[in-house]
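The values are calculated or read from the model by the stated rules, or taken from the named source; none is laboratory data. Everything numeric in this text was worked out from a predicted model, so none of it was measured. Cβ sites come from the backbone with ideal geometry, for glycine too, and all protein chains shown count toward neighbours. We work out accessible area using only protein heavy atoms, side chains counted, and drop any ligands, DNA or RNA first. Shrake-Rupley method; radii C 1.70, N 1.55, O 1.52, S 1.80 Å.
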Amino acid sequence: MLRSLSLLLIVVSALASGPALASERLLGRVRLSYSERDLDIIRVQNTCRNPNRDGFRAIRLVVDRGDADIQGLFVQYGNGRREQLPVRQRFRSGSSSRYIDLKGNQRCLVAIAILGDTNNLRSRQQARVRVFGIR
């Protein structure tokens, strides 16, 4: 019984995490400076050829190499519209955000702006933020 339950948990966790990981794409990365409220922009390449197939429904931030304080996250879509996404928190090195939904269905991204700074004064290593798009 215990063995069957363990096997069931392994299968369920593999199914739950499989599709999301397979549809993630690295959209870009930035290194946050030590100055407060530094604005870094990622130019997203090749996401608007076919909006029905190439767009994204959510994004996720992954922070490493240092702690980061993110005050704002903004996206610009292929049609020129802009949106401020709800993220305002401190990230420890090695942590990530939840999936942040984009308004609409499959959205073509042109640019992502991150307003934040590094909180890692002891080691003087700048935090790196990687942004992944989820289809």
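Placing +1 on the Cβ of every Lys and Arg and -1 on the Cβ of every Asp and Glu, with no other charges, gives the stretch 59-135 a dipole of roughly 120 debye about its Cα centre. Hey, any idea what % of the stretch 57-123's accessible area is carbon plus sulfur with a 1.4 Å probe? Carbon-and-sulfur percentage of accessible area, whole number: 42.
Over the stretch 64-108, give the accessible area per residue in Å² for a 1.4 Å probe, as an integer. Please list the in-between numbers first.
Working: 2750 Å² over 45 residues.
Using a 1.4 Å probe on heavy atoms only, each residue of the stretch 64-108 averages 61 Å².
Across the protein chains, with a 1.4 Å probe defining accessible surface, the residues Glu24, Glu36 rank Glu36, Glu24 from largest area downward.
Of the whole protein surface, Cys48 contributes about 60 Å² of accessible area at a 1.4 Å probe radius.
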